[in-house]
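J.: The structure follows.
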């Protein structure tokens, strides 16, 4: 073996030579010196012809004419070693453009040894790799790319030999900055997402890009290498995208049935051909408990959500809302009690499995071609609410582990919305029951008054609030009429309202004048607040409540009334007059500053008096005087209507069909 060959096999640095278009050597590395024996100062600036045995100039001219316009070339060539012997080497050449805009070639030179076979295999692997690979010089010009990179160029209209201004601006600039940073600082970039507009204009493509610096034998940078994988359609991205979309489309309301249906419709057909959401019977608190079939051990569900690729829903034995009595041996029950998913990528329909205990389900499986099944527990805040079922019938691909993970994440996300809706429904039902029990079931006007009333809470007709109304029979055939408004909404306001109503019913036995009764009520409420101070000595309800208390005496056909921060009543007399009586408005009760006055007005037979809370006359951005005048007009137009119709019509005309902005209580009385 010649000495040059021995030294070639022991190369520790890449052998690289750079030639200009005329064949003059312009670059020579230490590896080339080790391979051929010539030092850089003996080669650079000379024609490469002297390195070739025979007529080197003619050989280069022939090569340049045949291959000089290619982007890349690879082949064997003979060279003259400095000691005089000839050596056959393998050349990998890449065409590039110099800073002056002239063509040049860079050659990687290797000995034709057994290592070359391994190099050839590696080169084939890199060229055919699904990972797009580019090599960039120090001017960030692409000097080499593999086959996958060429395909990426077709996607993005960008690649070697194309001016950067023709590249999509966003992707080009993002990539350029990343390449420059790695070239300058040497810190690799790994798995960075880059979004580029697709060449067809239909959306974007997402690449996962990694970049590292290429360094010469002296440690100085000579360029960078970038590698990219198109992850636009990757399973992980699909999963993230679906879950992100689900967060916006599932749980848009606080209705548990609507939320369950949103889950079913979202997962079909994105994940499954048939989806059901079956909740345990205890979750739907607005329904009475189901009666299980006699002598049957079964779990009880309600089907509240369902979606299928078939409009006629052939996969389901139960319609939405219907009860499901499920045997304890079925996956439904096992998932509910164990809290673990049931996963059958290939649904087993052979004898001896769980379908033997559910013949109706077995028949549906055979008829619909159901072949893959997942049941996921719906768990939120440590409570299992039910089971979500995913099945494939039309899609021939069975579920895999990725589908199971996606289903679990999707159900876990939806479960929080379902549980929130469940809690809201439970609290709303409890609040409605509280409000219903705190307000009077029937009103009594005795022989002297006809009565009608309406109550509408803010936000929803089934909600609760702090407005109240009442009539209380007094001695001598008199009747007390009461309307009040606790500051705030919801259960706390309703609870205070109940206390105030109870207090008034207690105080009336003292046969007090209206101003005296409200003074006592103010003292009681203020004392209640002092006893219910929080840890910061702040009263529970520092703003108190307004109240209008009136007493009608049929013997004198007069009405004595006092207001504590409450709007005055509206009185319509038989002569057609509709007026708001002049009252001295005292402070709301509960702030300990009670100072009230009683005013008395005549109410002839057939007179109408309307007591109301400010929700009836108040609109956002509007003065109360405007609302009061609107109420006067409404009542003037319908004062002769039957009292029940008039009461409902007044509220409908004042606020329309939408829920009011504030709670409304309306009490109307007509003297006989």
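Rule-based calculations on the coordinates, nothing more; no lab input. This structure is a prediction, so every number in the text was calculated from the model and none was measured. FYI the Cβ positions are ideal-geometry reconstructions off the backbone, even for glycines, and counts take in every protein chain you see.
J.: Can you put 148, 249, 392 in order of Cβ neighbours within 10 angstrom, beginning with the fewest? Don't jump to the answer; show the numbers that get you there.
T.: Details: 148 20, 249 13, 392 24.
Fewest to most other Cβ atoms nearby, the residues stand as 249, 148, 392.
J.: Between the stretch 353-415 and the stretch 42-72, what is the C-alpha centre distance in whole Å?
T.: 70 Å
J.: To continue, here is another question. Which order do 364, 383 fall in if you start with the one that has the fewest other Cβ atoms within 10 Å?
T.: Details: 364 19, 383 13.
So the ranking, lowest neighbour count to highest, is 383, 364.
J.: Would you kindly calculate the translational diffusion coefficient of the stretch 439-671, applying Stokes-Einstein with the Kirkwood radius from alpha carbon pairs, for 10 °C and a viscosity of 1.306 mPa s, and quote it in µm² s⁻¹ without decimals?
T.: 89 µm²/s
J.: Set the Förster radius R0 to 45 Å, insert the Cβ-Cβ distance between residue 185 and residue 77 as r into 1/(1 + (r/R0)^6), and round the FRET efficiency to 0.05. Each step should come with its number before you reach the end.
T.: Working: r = 38 Å, r/R0 = 0.85.
Computed FRET efficiency for residue 185 and residue 77 comes out at 0.75.
J.: While we're on this one: What's the exposure ranking of 83, 467, going from fewest to most Cβ atoms within 10 Å?
T.: Values: 83 10, 467 31.
Ascending number of Cβ neighbours within 10 Å: 83, 467.
J.: Label-point separation (nm) for residue 427 and residue 401, each offset 7 Å from Cα along Cα-to-Cβ?
T.: Label at residue 427, label at residue 401, 4.1 nm between them.
J.: Using a cut-off of under 16 Å, list every residue of the stretch 474-515 whose amide N is near the label point 7 Å from the Cα of residue 555 along the Cα-to-beta-carbon line.
T.: Answer for this model: 474-480, 511-513.
J.: With label points built 7 Å along Cα→Cβ from the Cα atoms of residue 258 and residue 394, find their separation and express it in nm.
T.: Roughly 2.8 nm, to one decimal.
J.: Just to be sure I understand: of the beta bridges DSSP finds with both ends in the stretch 439-671, what percent are antiparallel, rounded to 5? If you can, show how the numbers build up before the last one.
T.: Working: 46 of 48 bridges.
Percentage antiparallel, nearest 5: 95.
J.: Okay, next question. Highest mean first, what order results for 53-60, 225-232, 254-261 on Cβ atoms within 10 Å? Please report the intermediate quantities before stating the final value.
T.: On the way: 53-60: 14.6, 225-232: 18.5, 254-261: 20.4.
Packing proxy ranking, top to bottom: 254-261, 225-232, 53-60.
J.: At a 10 angstrom cut-off on C-beta neighbours, averaged per residue, how do the peptides 410-416, 435-441 rank from highest to lowest? It would help to have the intermediate numbers written out before the result.
T.: Details: 410-416: 21.6, 435-441: 15.1.
Result, highest mean first: 410-416, 435-441.
J.: OK, next. Using per-residue counts of other Cβ atoms within 10 Å, averaged over each peptide, order 314-320, 64-70 from highest down. Intermediate values should be presented prior to the final figure.
T.: Values: 314-320: 15.9, 64-70: 12.1.
With the highest mean Cβ count within 10 Å placed first, the list reads 314-320, 64-70.
J.: Turning to a different aspect of this structure: If I stretch the segment between residue 350 and residue 318 completely, what's the gain in nm (0.36 nm per residue apart, minus their alpha carbon distance), one decimal? Walk me through the numbers before you get to the answer.
T.: Values: separation 32, 0.36 × 32 = 11.52 nm, distance 2.42 nm.
Gain in length upon complete extension: 9.1 nm.
J.: Further question: Quick one: length gained pulling residue 474 to residue 580 fully straight, 0.36 nm per residue minus the C-alpha distance?
T.: Details: separation 106, 0.36 × 106 = 38.16 nm, distance 2.50 nm.
Length gained between residue 474 and residue 580: 35.7 nm.
J.: Work out the FRET efficiency for residue 510 and residue 238 from their Cβ-Cβ distance, taking R0 = 60 Å, and round it to the nearest 0.05.
T.: On the way: r = 74 Å, r/R0 = 1.24.
Working from the Cβ atoms, E equals 0.20.
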